[in-house]
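Data block below; observations after.
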Amino acid sequence: MRITPNNAGLGARIEGIDLAQPLGEDGFRTLLRALGRYGVLCFPGQELDAPQLSAFGSRFGELEVNVANMFHAPGHPEVMILSNMKDAAGQPIGLHDAGQGWHTDMSYSREIALANALHAKQVPMRDGRPLGDTQFRNMHAAYDDLPAEIVQRLEGRVAIHDFGKFWDVMRTRPGSIRKPLTPEQRAKKPPVPQPILRTHPITGRRVLYCNPGYAVRIEGLEPAESDAMLEYLFRHQAQAKYLYSHAWRPGDLLIWDNIGTVHNAKADYGPEEHRYILRVQAMATRDYAALAA
Ligand code: SIN
């Protein structure tokens, strides 16, 4: 296995491993450590089907079945299809607008997610260049740069994260096929508190865990103060120095740390520029410090 870090301070490319094959203990430990250290790992030239992606992802934690429960691979509700393609009857075959806005997956869930793994089968291209990058920002670095006075004010505080926030924003976008969430779907994902400053389970370092996709308010602050602080944190984490943008190639398998990064799916391609990606989300259900030791 060869690990080549990016220059961006986030991201590494890993070659010399076939992820369709089961991962041994040593291989898994190496990948877990790399995930903590680099945040985003790209394995180029992979060829996994849905069960193989599911097996790979489940090494990192229990896999989530999306609450919307649509667009999954046949027989694999935990493997979601992200795509703007349609079938012969003109029906969408995948969720076309997943993650189009800065967010952290599963921050709206009491049990948070460790990692997402996405495997690109088809990538939109224009003039020989890939479109539909997935962009990331480094929340270890964002925490390290927070002024001491802000850290002091946020120490021990929680933000409320709401699944409905992102969903409702996406529904207002032109061409959205998202239906209003049913009361049952909302009840399954009630708003939850999350510490704004938390310790990363692999690195043991602190991260800024607050994203504009789902965080709606800071508990215990007056609404105006809460709004101002959230706006400050979102502006702080949006600085260009924290950014890494992944330009996809078919065959890439990307796994990223959902606790130490925020991400955004860049919506810069049209309906005829086809993107087809399989996704699994691994919940943070293990003792990662012990597994990485
Ligand atoms: C996601 O947010 O999980 C989807 C990202 C992407 O499709 O690029």
ask   = Which residue pairs have Cβ atoms under 9 Å apart, sit 6 or more places apart or on different chains, and have a first residue in the range 23-34 that is within 13 Å of I3 (Cα to Cα) and a second that is of a type in the set (S, T, Y) and part of a helix (DSSP H, G or I)?
value = L32/Y288
request  = Restricting attention to the range 176-190, report how many residues are surrounded by fewer than 16 Cβ atoms within 10 Å (Cβ to Cβ) and touching a residue at least 24 places away in the same chain (Cβ under 8 Å).
outcome  = 3
note = Condition set of a type in the set (K, R) and either under 19 Å from A73 (Cβ atoms) or open to solvent by less than 10 Å² (accessible area, probe 1.4 Å) (or both), scope the range 84-129, selection farthest from the ligand (Cβ to nearest atom): answer is K86
request  = Output the residue which, of all residues in the range 148-170 that are within 17 Å of T104 (Cβ to Cβ) and part of a helix (DSSP H, G or I), is farthest from the chain's Cα centre (by Cα).
outcome  = L154
message = I'd like to check something: does the range 49-58 contain any residue that is over 13 Å from the mean Cα position of the chain (by Cα) and at pLDDT below 95?
response = no
ask   = Which of the residues that make up the range 212-245 are open to solvent by less than 10 Å² (accessible area, probe 1.4 Å) and assigned to a strand (DSSP E or B)?
value = A215, I218
task = Among residues belonging to the range 130-170 that are aliphatic (A, V, I, L, M) and at pLDDT below 95, point out the one that is least open to solvent (accessible area, probe 1.4 Å).
result = M170
inquiry  = Pairs please, first residue from the range 264-293 and under 20 Å from T199 (Cα atoms) and touching a residue at least 12 places away in the same chain (Cβ under 8 Å), second anywhere and away from the ligand (no atom under 16 Å from the Cβ) and open to solvent by 60 Å² or more (accessible area, probe 1.4 Å), Cβ atoms under 6 Å, 6+ apart in sequence or on different chains.
reply    = M283/E62; M283/E111; T285/E62; A292/R33
query = Since Y242 meets every condition but one in (1) within 16 Å of the ligand (Cβ to nearest atom); (2) aromatic (F, W, Y); (3) in contact with a Leu (Cβ under 8 Å, 6 or more places away or on another chain), which condition does it not meet?
reply = (1)
request  = Please work out if Y288 is crowded, with 22+ Cβ neighbours inside 10 Å, modelled with pLDDT of 95 or more and in contact with a Pro (Cβ under 7 Å, 6 or more places away or on another chain).
outcome  = yes
query = Would you call V262 open to solvent by less than 40 Å² (accessible area, probe 1.4 Å), more than 24 Å from Q52 (Cα to Cα) and more than 16 Å from the ligand (Cβ to nearest atom)?
reply = no
query = Can you spot a residue in the range 266-274 that is within 16 Å of the ligand (Cβ to nearest atom), open to solvent by less than 50 Å² (accessible area, probe 1.4 Å), in contact with an Asp or Glu (Cβ under 6 Å, 6 or more places away or on another chain) and not acidic (D, E)?
reply = no
note = Across the range 49-77, the tally of residues that are under 30 Å from Y242 (Cβ atoms), touching a strand residue (DSSP E or B) at 6+ places or on another chain (Cβ under 6 Å) and not in a helix (DSSP H, G or I) stands at 6
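The values are calculated or read from the model by the stated rules, or taken from the named source; none is laboratory data. In this text, all values refer to a predicted model and were calculated from it rather than measured experimentally. Heads up, the Cβs are rebuilt from the backbone with ideal geometry, glycines too, and the neighbour counts pull from every protein chain shown. These accessible areas exclude ligands, DNA and RNA; they are computed on the full protein's heavy atoms, side chains included. Shrake-Rupley method; radii C 1.70, N 1.55, O 1.52, S 1.80 Å.
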